[in-house]
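Everything below concerns the one structure shown next.
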Amino acid sequence: MEMYDRLNACLKAVREKTDYVPDIALVLGSGLGAFADKMEAAASINYADIPGFPVSTVSGHAGKFVFGEIEGAKCVVMQGRVHYYEGYDVSEVVMPARLMAMMGAKVLFLTNAAGGTDPDFDVGDFMLITDHILTFFPNPLRGPNIDELGTRFPDMTHAYDPALCDCIRRAASDAGIKLREGIYCQLTGPSFETPAEIRMLNMLGAGAVGMSTACEAVAANHAGMRVCGISSITNKAAGFSKALLTHEEVKENGLKSAAAFEALVRGSIKNIKKELN
Ligand code: HPA
């Protein structure tokens, strides 16, 4: 089936369960999913119940859409996402972002757990994503263009919407949360990086590295959404500390930052709601 037909079939399956039209789509990264459990959900849909929709296999990633209000804003929240390293084609990895655009969401707010490639970043820091490097990853728009969603050659100058970035900056400052800023580099994973790779990313100016987010940002920009994002720095990148990297550490440190993360996301959404009005 052509990708646009597949997306429309997914949209139909969603619409059979709920007619909720979100303004903001929020993607929760590894270990950050607890947020959605606290929401008063108007509806929720397991990815597995949407025919043709990619399903996450990673521990720490529940797989469902939760619909409901956050700080008065109508949201669809992804509790868990799929990754390229799971074996999906990149066009499938960005299906959720495209589907949420088709649901009506105007903003995509991306979050992830990431390694700090800026040696000044500490575990527990949050980094506002101001730009990304996706050069080492297949482009999610490769293949026939879906003209119904967007143009063949979309501009990426403001892949992370400057006004939305300001919404996050203000939320951090109002909540007294230290906010770093930097460039996020997405690699395929699933192996963590070597110290040599981290030195390279550092030379390229990257502040954080991970295995998600940037391809979703590209697909969302293509579909006309305004995008913003935050990385939760769950570990120093390879070579910066003696400790070896594990997924358990990433999840654990994600959980430790959960309360501050929630405050930051809530405050940001409050500001984004005003920005949209
Ligand atoms: N590298 C890649 N992805 C990650 C890391 C990392 O160090 N930490 C969390 N996700």
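Of the residues 130, 194, only one is without any contact (Cβ under 8 Å) to a residue 60 or more places away in the chain, touching a helix residue (DSSP H, G or I) at 6+ places or on another chain (Cβ under 8 Å) and among the β-branched types (Val, Ile, Thr); which?
130
Within region 157-173, how many residues are over 15 Å from residue 109 (Cβ atoms) and surrounded by 14 or more Cβ atoms within 10 Å (Cβ to Cβ)?
Number satisfying all stated conditions: 1.
Among the residues of region 175-185, are any within 15 Å of the chain's Cα centre (by Cα), closer than 21 Å to residue 247 by Cα and within 14 Å of the ligand (Cβ to nearest atom)?
Taking every residue of region 175-185 in turn, at least one turns out to be within 15 Å of the chain's Cα centre (by Cα), closer than 21 Å to residue 247 by Cα and within 14 Å of the ligand (Cβ to nearest atom).
Taking region 134-156, which residues are open to solvent by less than 30 Å² (accessible area, probe 1.4 Å) and among the β-branched types (Val, Ile, Thr)?
Correct list: 146 only.
More than 13 Å from the ligand (Cβ to nearest atom), surrounded by fewer than 20 Cβ atoms within 10 Å (Cβ to Cβ), assigned to a loop (DSSP other than H, G, I, E, B) and of a type in the set (Val, Ile, Thr) - does that describe any residue in region 193-208?
Checking region 193-208: not a single residue is more than 13 Å from the ligand (Cβ to nearest atom), surrounded by fewer than 20 Cβ atoms within 10 Å (Cβ to Cβ), assigned to a loop (DSSP other than H, G, I, E, B) and of a type in the set (Val, Ile, Thr).
Scanning for something in a strand (DSSP E or B), within 11 Å of the ligand (Cβ to nearest atom) and either more than 15 Å from the chain's Cα centre (by Cα) or of a type outside the set (Val, Ile, Thr) (or both), does region 236-250 turn up at least one residue?
yes
Please work out which residue is nearest to the ligand (Cβ to nearest atom), limiting yourself to region 107-127 and to residues that are touching a helix residue (DSSP H, G or I) at 6+ places or on another chain (Cβ under 9 Å) and more than 18 Å from residue 81 (Cβ to Cβ).
Among them, the one singled out is 117.
Taking the criterion of being within 20 Å of residue 234 (Cβ to Cβ), part of a loop (DSSP other than H, G, I, E, B) and away from the ligand (no atom under 16 Å from the Cβ), would at least one residue in region 136-144 satisfy it?
Within region 136-144 (the criterion being within 20 Å of residue 234 (Cβ to Cβ), part of a loop (DSSP other than H, G, I, E, B) and away from the ligand (no atom under 16 Å from the Cβ)), the answer is no, since none of the residues qualifies.
The values are calculated or read from the model by the stated rules, or taken from the named source; none is laboratory data. The structure displayed is predicted, hence computed values, not measured ones. Because the Cβ atoms are built from the backbone with ideal geometry, glycine has one as well, and the counts that use them run over all protein chains shown. These accessible areas exclude ligands, DNA and RNA; they are computed on the full protein's heavy atoms, side chains included. Shrake-Rupley method; radii C 1.70, N 1.55, O 1.52, S 1.80 Å.
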